[in-house]
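What follows is a short report on a single structure.
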Amino acid sequence: EGPYLLMPKDTATSIKINWVTPFVTESKCAWGTDKSKLENIISTTPGRVHSALIEGLTPNTTYYYTVMEDLPFLRENKIQSFTTLPESNKLSDFKFSIVGDMQPKNDYTKMTASYMANRAGMSEGLFSVQLGDIVEIGGSSSSWEAVFKFLPNLAAHKPMLGVIGNHEYYFGGRKNFRNIFKYDYDSEEGAYYSRTVGGVKMLFIDNFDGKSKLASGETTIEQQKWVEKELKDGAENCDFILVFMHHTMITTGELQGNRTLREWLIPLLFKYKVDAAFWGHSHCYEMWNYQYGKNGYVLNENDTPAEEPMPFFLLGGGGASLESNYTLFSHSPYTDEDRWYNLETKSWENITFFQYVWNKEKVFKPEYSIDFEEKDLKYYHYPFNEDGTYSNDKSISYDTSNQWYGYQLGVNTLHYATAEVSSEGWIKIKVMYPDGTVITSPDGAKAQEFLLKKRNR
């Protein structure tokens, strides 16, 4: 199955064309700038997973290619195309898409994952980001077969940058992920790496390389040092920094956020003035506008309050079963106790937050948006009173940490996002329903469009 494109480290002048054959064999692909005359031929070594690296390309140029195998995706349109990216060190105009958990495991989620792959893959943009859990079981060949049914729609004509999720790790599946998605990782075992595109530094974190507690998501000290090194490089050499991961640093869904991840990552994000962070794992949409230390509490004694808030995006609705299909309305209340340093009293305090179920009566159904099944109605979390203040009523505000982290909106819906980068010094983020209309609060007031302006680093 295939083909699918990956982005090497030389983002503007190279590409990896990838495909999988049913048997171990040599294989070939052809490419060029003339659709009718693909003169350049690349042969791969014997194997099932084939990867052809093409280097020395010209930035911002359209190329054509084909794989010399009977791949189902290529039967109707044998010739595919892609456009190379702008130079990495210069802030440029470009777009890309972001899609979260896809995880096809039954006929229904195979359909929704395929639909969302089409939406994200066909949206404007030169590449896509996938936030992990693209597969149901990383160690299962049948699970990967389900992924390859839709992967070309997402990545045959623009490269995909993928994050590893916990489902990719299941039953030894990390080896499969690293073999299928050959990203030139910055670790011999983990699956983390970075890319710089058109003046934007992007980090792709592996939340699980600690391995000892997969469900809780532990990272190694080596990766944490790597993250700081890459953030420092981005702050010194790039106009914007974006961070992508799979595990929920914060969520009010049917799972709990990763406390350990927050403790080491939040201070680094604000120290180096990251522009936005994105994750998946919970199968819904949520957004926070968090200003670290504004309330007088930090995670390290020497940290200083941030001058500006930072948007956090949970984009987990890429086709997987939505949160409403799990325990969103029925789990016991969660308690989350964090240790924070009080800047005023110069002392440490244990702060306890409570996470309640979502209110099943809080639901809206915009007529302009696609609903695939009734169980996927748009249950929502909008934690404000009528006067705009945060509510203390747990039937309205489902988590007592909402004001602390600047929670804005949550919607149980399939969705994807696009990012538009401008050479004038801004990035516009739009989060959309499957039909391409922008997500809003139930009253239509809070359209999920955000303009990130270049920070003063």
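The values are calculated or read from the model by the stated rules, or taken from the named source; none is laboratory data. Fair warning: this is a prediction, and the values are worked out from it, not measured in the lab. Neighbour counts are summed over all protein chains in view; Cβ atoms, including those assigned to glycine, are modelled from backbone coordinates with ideal geometry. Only protein heavy atoms, including side chains, enter the accessible area calculation; ligands, DNA and RNA are left aside. Shrake-Rupley method; radii C 1.70, N 1.55, O 1.52, S 1.80 Å.
Key figures for this structure:
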| read-out | value |
| --- | --- |
| First in segment 424-441 and under 9 Å from LYS453 (Cα atoms) and β-branched (Val, Ile, Thr), second anywhere and open to solvent by less than 10 Å² (accessible area, probe 1.4 Å) and in a strand (DSSP E or B), Cβ under 7 Å, 6 or more apart | ILE427/PHE240; ILE427/ALA419; ILE427/VAL421 |
| Only listed residue being modelled with pLDDT of 90 or more, open to solvent by 50 Å² or more (accessible area, probe 1.4 Å) and not small (Gly, Ala, Ser), chosen from ASP387, ASP443 | ASP387 |
| Single match in GLU301, GLU307, GLU344 (criterion: in a loop (DSSP other than H, G, I, E, B), over 30 Å from ASN118 (Cβ atoms) and free of Cβ contacts under 8 Å to residues at least 12 places away in the same chain) | GLU307 |
| Count - residues of segment 122-158 that are open to solvent by 10 Å² or more (accessible area, probe 1.4 Å) and not basic (Lys, Arg) | 18 |
| Scan of segment 77-115 for residues that are closer than 30 Å to SER282 by Cβ and open to solvent by 50 Å² or more (accessible area, probe 1.4 Å), ordered by number | LYS95, LYS105, ASN106, ASP107, LYS110, MET111, TYR115 |
| Filtered residue count, segment 1-47, keeping only those that are within 19 Å of MET202 (Cβ to Cβ) and touching a Phe, Trp or Tyr at 6+ places or on another chain (Cβ under 7 Å) | 4 |
| Residue satisfying all of: in segment 14-57; among the polar types (S, T, N, Q) and not in a strand (DSSP E or B); surrounded by the fewest Cβ atoms within 10 Å (Cβ to Cβ) among these | SER36 |
| Meets criteria (more than 26 Å from SER114 (Cβ to Cβ), open to solvent by less than 10 Å² (accessible area, probe 1.4 Å) and in contact (Cβ under 8 Å) with a residue 40 or more places away in the chain) for TYR405 | yes |
| Subset tally (residues that are surrounded by 16 or more Cβ atoms within 10 Å (Cβ to Cβ) and modelled with pLDDT of 95 or more) for segment 327-350 | 6 |
| Residue list for segment 423-437, restricted to those being open to solvent by 10 Å² or more (accessible area, probe 1.4 Å) and either within 16 Å of the chain's Cα centre (by Cα) or of a type outside the set (Val, Ile, Thr) (or both) | SER423, GLU424, GLY425, TRP426, LYS428, LYS430, MET432, ASP435, GLY436 |
| Residue count for segment 79-126, restricted to those that are of a type in the set (A, V, I, L, M) and part of a helix (DSSP H, G or I) | 6 |
